[in-house]
Amino acid sequence: QVQLVESGGGLVQPGGSLRLSCAASGFFFSSAVMSWYRQAPGKERELVATIFSDGGTNYADSLKGRFTISRDNARNTVSLQMNSLNPEDTAVYYCNAQTWRAHWGQGTQVTVSS
């Protein structure tokens, strides 16, 4: 069975940094397209970043330069480095794997507040 487990969320002050991780199992991780999504209170879920099997990446335009997605195929993990955080980044962040179907983790809460 496919499992995605996010970790690394928490409370951070504006301007700070946070690194999220997603541990994956139950599928061929190295060939899967992996993404991070987020959903803020009262807003729709939005795509944050995607990393393809060859290492290529795509980002939401507003997040380019602040967020970096990476993957470690040897450890079956995908990470999201978040810098220069602001309160608008507060959301639940979800890990997504696209194989024969989409799979979702439970999410990890990120709160940016002073």
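The values are calculated or read from the model by the stated rules, or taken from the named source; none is laboratory data. Values in this document were obtained by computation on a predicted structure and should not be read as measured data. FYI the Cβ positions are ideal-geometry reconstructions off the backbone, even for glycines, and counts take in every protein chain you see. Areas reflect the complete protein model, heavy atoms only, side chains present, ligands, DNA and RNA absent. Shrake-Rupley method; radii C 1.70, N 1.55, O 1.52, S 1.80 Å.
In a simple Cβ point-charge model (Lys, Arg +1; Asp, Glu -1; nothing else charged), region 33-81 has a dipole of about 140 debye relative to its Cα centre. Gyration tensor over the Cα atoms of region 45-104: the corresponding equivalent ellipsoid has semi-axes (square roots of 5 times the eigenvalues, largest first) of 21, 14, 11 Å. Between P87, P41, P14, the GNM of the chain built on Cα springs shorter than 10 angstrom shows P41 fluctuating the most. Lys/Arg Cβ at +1, Asp/Glu Cβ at -1, dipole of the chain taken about the Cα centre: which of C22, N83, S114 is farthest positive-ward? Most positive-ward Cα: C22. The mean of 1/r over all distinct Cα pairs in region 1-47, once inverted, gives the Kirkwood hydrodynamic radius of 13.1 Å. Could you work out the local net charge near F29, counting Lys and Arg as +1, Asp and Glu as -1, over the other residues with Cβ closer than 10 Å to its Cβ? Local charge sum for F29: +1.
Taken along the Cα-to-beta-carbon direction at a fixed 7 Å, the label points for T99 and R75 span 2.1 nm. Remark: the S17-N83 segment gains 23.3 nm on full extension, using 0.36 nm per residue and subtracting the alpha carbon distance. Near the amide H of L85, within less than 5 Å, lie the amide hydrogens of G15, G16, all on another chain or at least 5 residues away, with H placed in the peptide plane. Computed from point charges on the beta carbon alone (+1 for Lys and Arg, -1 for Asp and Glu), the dipole magnitude for the chain about its Cα centre is near 120 Debye. For region 1-55, the solvent-accessible area works out to 57 Å² per residue, with a probe of 1.4 Å and every protein chain left in place. In percent, rounded to a whole number, the relative contact order of the chain is 37, using alpha-carbon pairs under 8 Å and six or more apart. In whole angstrom, the chain maps to an equivalent ellipsoid with semi-axes of 23, 14, 13, each derived as √(5λ) from the alpha carbon gyration tensor and ordered largest first. Accessible area ranking (1.4 Å probe, heavy atoms, ligands and nucleic acids excluded), largest first, for F29, F52: F52, F29. To put it simply, the accessible area of the chain at a 1.4 Å probe is 47 percent carbon and sulfur.
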